[in-house]
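**Q** Before anything else, here's the structure in question.
The values are calculated or read from the model by the stated rules, or taken from the named source; none is laboratory data. Values in this document were obtained by computation on a predicted structure and should not be read as measured data. Neighbour counts are summed over all protein chains in view; Cβ atoms, including those assigned to glycine, are modelled from backbone coordinates with ideal geometry. Ligands, DNA and RNA are stripped out before the accessible areas are found, and what is left, the full protein with its side chains, is counted by its heavy atoms. Shrake-Rupley method; radii C 1.70, N 1.55, O 1.52, S 1.80 Å.
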2 protein chains.
Amino acid sequence: MDKTVILHAVDELFGRELDFLVELVRHPSTRGREQSAQDFIARELGGLGYEVDRWQIDVADIAGLPGFSPVIGDYDDAVNVVGTLRSRSKRGRSLILNGHIDVVPTGPLEMWERAPFHPHIDGDWMGGRGAGDMKAGLASNLFAIEALKHLDLRPAADVFFQSVVEEECTGNGALACLQRGYRADAVLIPEPFAEKLVSSQVGVIWFQVRLKGLPTHVAYAASGANAIEAAIPLFEALHFLERRMNAQECRHHDYAGHSHALNLNIGKIEGGDWASSVPAWCVFDVRMGVFPGQSLDDMRRMIEEAIFDAASNHPFLARNRPEVVYNGFAAEGYSFKDDQSSAARAALTALDRAHSFVVGKPLEYDAITATTDARFFGLYADTPALVYGPRAEAIHGFNERVDLESVRRITQSTALFIADWCGLEEV
Amino acid sequence: MDKTVILHAVDELFGRELDFLVELVRHPSTRGREQSAQDFIARELGGLGYEVDRWQIDVADIAGLPGFSPVIGDYDDAVNVVGTLRSRSKRGRSLILNGHIDVVPTGPLEMWERAPFHPHIDGDWMGGRGAGDMKAGLASNLFAIEALKHLDLRPAADVFFQSVVEEECTGNGALACLQRGYRADAVLIPEPFAEKLVSSQVGVIWFQVRLKGLPTHVAYAASGANAIEAAIPLFEALHFLERRMNAQECRHHDYAGHSHALNLNIGKIEGGDWASSVPAWCVFDVRMGVFPGQSLDDMRRMIEEAIFDAASNHPFLARNRPEVVYNGFAAEGYSFKDDQSSAARAALTALDRAHSFVVGKPLEYDAITATTDARFFGLYADTPALVYGPRAEAIHGFNERVDLESVRRITQSTALFIADWCGLEEV
C-alpha cells in the first residue's frame, strides 16, 4: 500500500473532519453535561458502521479497582460511548483509539474573544473550549479510520473508538472502559501535546481544605478568627512542599532537566457569607502533581503534614484543625518510556515510522506535567498507551484553539499507524 | 405617676414579651426574606391599635438622598412597617422607636449548637440568630408601650414604631422612613450594646474587589497568573491602610483611647472554577470603618490607592488593574456626643434618669466600632438618636444570644423614658 494514498485520503475527507469537529465543539460538554455530545458521537459511530456501546457508569462497578478516583457527586450523568469496528480476518494487532469528551469550564465568558462553544476557524486555527483538549483528537481518531474506509480498506484487527467522560477530574471514564472489558494490543490517545509522543506523565492529586473561623460582628474583629485569611499560611506551606518536591534529587529521571514539573495549583476558593461578619468558613481546592513511581499515599501524607504544621502555628487553627478531603484525581504518574515490553517498543516503532513519513522528522518525546487517561491502560491493563496529538494553545484558558494543519498531520500519522499496527483488509 | 408601677407593669407583661420575641426570632428574616417577620409585626401592631403603614421601598425615591447606600439587587422584597400611635392631647414630645428586622446570615448550620431560627431559653438567655441583633430591641420597644397601656395610659405625643429592613447592609430601610415623612423629637434604637448609650458610632464602607487572572492548564502554571493568590498582597495593603487609619493622630476624640476602632474585614471570597486550571478570577468583599466626621470619599480614595499601589507591584495585576465596586454600606460615622443641641441634651437627661432608676447606676457611654441606623436621624434629620439596648453575645456569630434580664431592664427604662419624654395621657 502506497502511504501517500492514505495521506491523500485524509486530505480528501478533511473538510468532513472539520465539520465533525465544529459540531462536536458546539456541544458544551463540561462535566455533567456531556450527554448531547455523547449522543452525537454515538449517532455518528452508528452511521459509520460501528457497533455502538453507550452506558452509564456505575460507581459501584469501578470503586474497588486500582486507579479509581473518589467521585464528586453521583454518576447519573456520566455516559461513556465505545464504537467497535470488527475485523473479519483479525490478522493484525488490535487497537483502542481513546479520547475524552469532557471539557473544563470556560470561566467568565466576557474574557473570551468569541463565544467558547461557537467554534470559529481563523486561518489555520479553530478556536473554542475543547477544540484542542481534546475534541480535535476525537475527530482525528475517527477520520483516520474513515480515510482507510474511503480507500475501501479497514483495519485487519478489532478497533475500539472510545469517547469517555471524567478525564478532567478523575479518569473514571477510561477506568470504566477497562472494567467493561475493552482490551487491545495498544492504545492511542491524541491529547494535544504538539505532535510529540508523551514519554512520561505526572500523577495528580486533588484535595480540598476546609477551614473554620470564629465569626463575630466585625465591630469585634479582633476577637474573631478570619477563616479566609487563615488560608494564606496554608498556601505558603503548600508552595513550600511544592518547591521541595521539585528539587533535583526528587525528580523522576524523565524529568531530570525539568525544574518545575510538579505544579501545585490553588484552583478554587469560597468563604464567608457577609462583608460585615468575620468569615466562619473557607474552602479551597488544590491540585498537586506527583512523579511516575511516586506513591500517592506518601504525597497525601506530606500534604497533610504541610497543612497541619502550618495550622499548628495559627492561633485559631491550632485548636480547630483544618479538614482535608480528597475529591477527584487520585492519579498515579505513568512513564511510557519506562515500559520496556516488546509491545511498547513495537507500538513506538510503528508510530515513529508513521510520524516520520508525514512530518519528515523523527518523533520527538515530551515528559508532560499533566496527567492523561493513558495511565489506566499502561499501569492497570499492561497495554502500551501512546499519547500523541495535535498542537493546541490555551487549553484550560481563554481563547483555547487548535492548529488545524497539525490536526491534519496527526490524522495522517494515525491512519498510517493503524495501517501498520493493525494491518489492512478489504472492506 | 409612681415609676415602680410602670416597672411592675413591664414585669407583668414580660411573659407576653418573651412569647413575642420567640415568635419573631422564628422568622428567618435574613436580607430579602423579611416579609413573614414584617407581616407578623404588622399584624401585631394592627391588633394593638396602631395605624399600620406597610410599604415596599422604591429605590428611585431614596437614591438621591444623603446617606443612601448603593443597592445590592432590587428592592422587590424590601418592605418597611411603621405603626403610629396617635396622641389625643399631643402635649409631649414625639418619639420614634426604631429597630431593624433583618438579621445576618447564619453561616454553616452545623456550627450552631441549636438551630438558629428555633429560639430557645436557657436560664437568663435566649439563643437564636437575631435574638440580640436586634429582635429583642423590637420586643422592648413594643412592650414598653404595652406596659403603659396596661396601666390605662399612653404617650401624650405621637409615637412611631418602626420595623425596618436593610440595616445590616445599607441602612436604606431607615432612610426610606425619613423619605416617607416620619419625623419626631427624638429616636430610640435599642441595638444590643449592653445597656450603655452609644456616644458615637463609626461609619462603614463596603466594597468588592474583582481580580482577573491568566488561566492556563495547571501543567503550565508558571505561565498563568493565579487570581486567588493575587489577592494576598491586596489583603496586606488593606490591612496596612487599616493600621494607618487607627493611628492615634487619626482618631475621632471619642475613640482616643481605642487602639483599633476601625476594623477592616475580608468578609467573603470566591474565585476559580476548576482545581486543575489556574484561576482566572477572584472576587472578595470588604468592610472598612471610618470615624465620625471622616469623609467617605477620602476613605474610598485611600482604599483605591492601597489596592492599585499593591496591584502595580504584581506582575499580572500591574497590567490588569483590579476593579473596585461599591455595593452596600456607604455609611458616615455619627457622634451623638458631638450633638450639643438642647433636644439632644434633653433626651440624654431623660434616658439617664430612666436608666438610673431601673439599674441604680448612672448611664454609661460607649463609642462603638459598628454603625447603626441612628446616623440617618442624627445626620440627615436633625433628630437626636439614642442607641440604647440590651446585652447580647455573639451577634453575627454562632450561638448568638440575648440576656433576658437585660431585655427586661431595657424595656423598663424605655417605658420610663417614654413616660418622661412624651408625657402620659389616659387611654
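**Q** Within segment A:180-231, which strands (runs of 3 or more DSSP E) (wholly inside it) include 2 or more residues that are at pLDDT 95 or above and within 8 Å of chain B (Cβ to nearest Cβ)?
**A** Filter on segment A:180-231 gives A:203-212.
**Q** Let me ask something additional. Taking the criterion of being out of contact with any strand residue (DSSP E or B) (no Cβ under 8 Å at 6 or more places or on another chain), farther than 20 Å from B:Val10 by Cα, open to solvent by less than 10 Å² (accessible area, probe 1.4 Å) and in the same structural domain as B:Phe40 (by TED's automatic domain parsing), would at least one residue in segment B:154-168 satisfy it?
**A** No, the conditions are met nowhere in segment B:154-168.
**Q** Among what's in segment A:244-264 and is open to solvent by 80 Å² or more (accessible area, probe 1.4 Å) and part of a helix (DSSP H, G or I), pick the residue that is farthest from the other protein chains (Cβ to nearest Cβ).
**A** Of everything passing the filter in segment A:244-264, A:Glu249 is farthest from the other protein chains (Cβ to nearest Cβ).
**Q** If you don't mind, another one. Taking segment A:50-67 as the region of interest, how many residues are surrounded by 14 or more Cβ atoms within 10 Å (Cβ to Cβ) and touching a strand residue (DSSP E or B) at 6+ places or on another chain (Cβ under 7 Å)?
**A** 6
**Q** Okay, next question. Run A:Gly123 past the list (1) in contact (Cβ under 8 Å) with a residue 60 or more places away in the chain; (2) away from chain B (no Cβ under 14 Å); (3) farther than 25 Å from A:Met288 by Cβ; (4) surrounded by fewer than 24 Cβ atoms within 10 Å (Cβ to Cβ) and report the number of the one that doesn't hold.
**A** Here A:Gly123 clears every test but (1).
**Q** Give B:Glu332, B:Glu393 a once-over and let me know the one that is within 14 Å of chain A (Cβ to nearest Cβ), out of contact with any Ser or Thr (no Cβ under 7 Å at 6 or more places or on another chain) and either within 18 Å of B:Phe161 (Cβ to Cβ) or at pLDDT 95 or above (or both).
**A** B:Glu393
**Q** What is the number of the single condition among (1) farther than 28 Å from B:Val407 by Cα; (2) not assigned by TED's automatic domain parsing to the domain that holds B:Phe235 that B:Arg321 does not meet?
**A** Result: B:Arg321 passes all but (2).
**Q** When the residues of segment A:210-259 are narrowed to those that are of a type in the set (Lys, Arg) and in contact (Cβ under 8 Å) with a residue 40 or more places away in the chain, which ends up farthest from B:His258 (Cα to Cα)?
**A** If we take residues in segment A:210-259 being of a type in the set (Lys, Arg) and in contact (Cβ under 8 Å) with a residue 40 or more places away in the chain, then A:Arg251 is farthest from B:His258 (Cα to Cα).
**Q** Restricting the search to segment B:280-292, which residues are at the interface with another protein chain (Cβ under 7 Å from one of its Cβ atoms) and either of a type in the set (S, T, N, Q) or assigned to a loop (DSSP other than H, G, I, E, B) (or both)?
**A** Residue satisfying the conditions is B:Ala280 alone.
**Q** Among the residues of segment A:359-373, is any open to solvent by less than 40 Å² (accessible area, probe 1.4 Å), away from chain B (no Cβ under 14 Å) and polar (S, T, N, Q)?
**A** no
**Q** What's the total number of residues in segment B:265-278 that are part of a strand (DSSP E or B) and of a type in the set (A, V, I, L, M)?
**A** Final tally of qualifying residues: 2.
**Q** If you scan segment B:69-97, which residues turn out to be modelled with pLDDT of 95 or more, open to solvent by 10 Å² or more (accessible area, probe 1.4 Å) and of a type in the set (A, V, I, L, M)?
**A** Within segment B:69-97, B:Val79, B:Leu85 qualify.
**Q** Suppose we filter segment A:336-355 for residues that are surrounded by 23 or more Cβ atoms within 10 Å (Cβ to Cβ) and either in the same structural domain as A:Met288 (by TED's automatic domain parsing) or closer than 30 Å to A:Arg301 by Cβ (or both); how many remain?
**A** Residues meeting the conditions: 1.
Table: residues versus (1) more than 28 Å from B:Val165 (Cβ to Cβ); (2) touching a helix residue (DSSP H, G or I) at 6+ places or on another chain (Cβ under 6 Å); (3) open to solvent by 10 Å² or more (accessible area, probe 1.4 Å); (4) within 13 Å of another protein chain (Cβ to nearest Cβ).
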residue	(1), (2), (3), (4)
B:Val278	yes, yes, no, yes
B:Gln294	no, no, yes, no
B:Phe308	yes, no, yes, no
B:Tyr326	no, no, yes, yes
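**Q** Another question, if that's okay. In segment B:322-373, what residues are within 18 Å of B:Ser94 (Cβ to Cβ) and in contact with a Phe, Trp or Tyr (Cβ under 6 Å, 6 or more places away or on another chain)?
**A** The answer is B:Ala350, B:Leu351, B:Ala354.
**Q** Name the single residue, out of those in segment B:1-22 being among the charged types (D, E, K, R) and open to solvent by less than 60 Å² (accessible area, probe 1.4 Å), that is nearest to B:Arg401 (Cα to Cα).
**A** Across segment B:1-22, the extreme among qualifying residues is B:Glu17.
**Q** What are the pairs with Cβ atoms under 7 angstrom where one residue, in segment B:333-345, is in contact (Cβ under 8 Å) with a residue 12 or more places away in the chain and the other, located anywhere, is among the aromatic types (Phe, Trp, Tyr)? Sequence gap at least six, or different chains.
**A** B:Gly333/B:Phe291; B:Ala344/B:Phe336
**Q** Show the residue pairs meeting these rules: Cβ distance below 7 Å; 6+ apart or different chains; first residue within segment B:172-188 and aromatic (Phe, Trp, Tyr); second residue open to solvent by 10 Å² or more (accessible area, probe 1.4 Å).
**A** These pairs meet every condition: B:Tyr182/B:Phe160.
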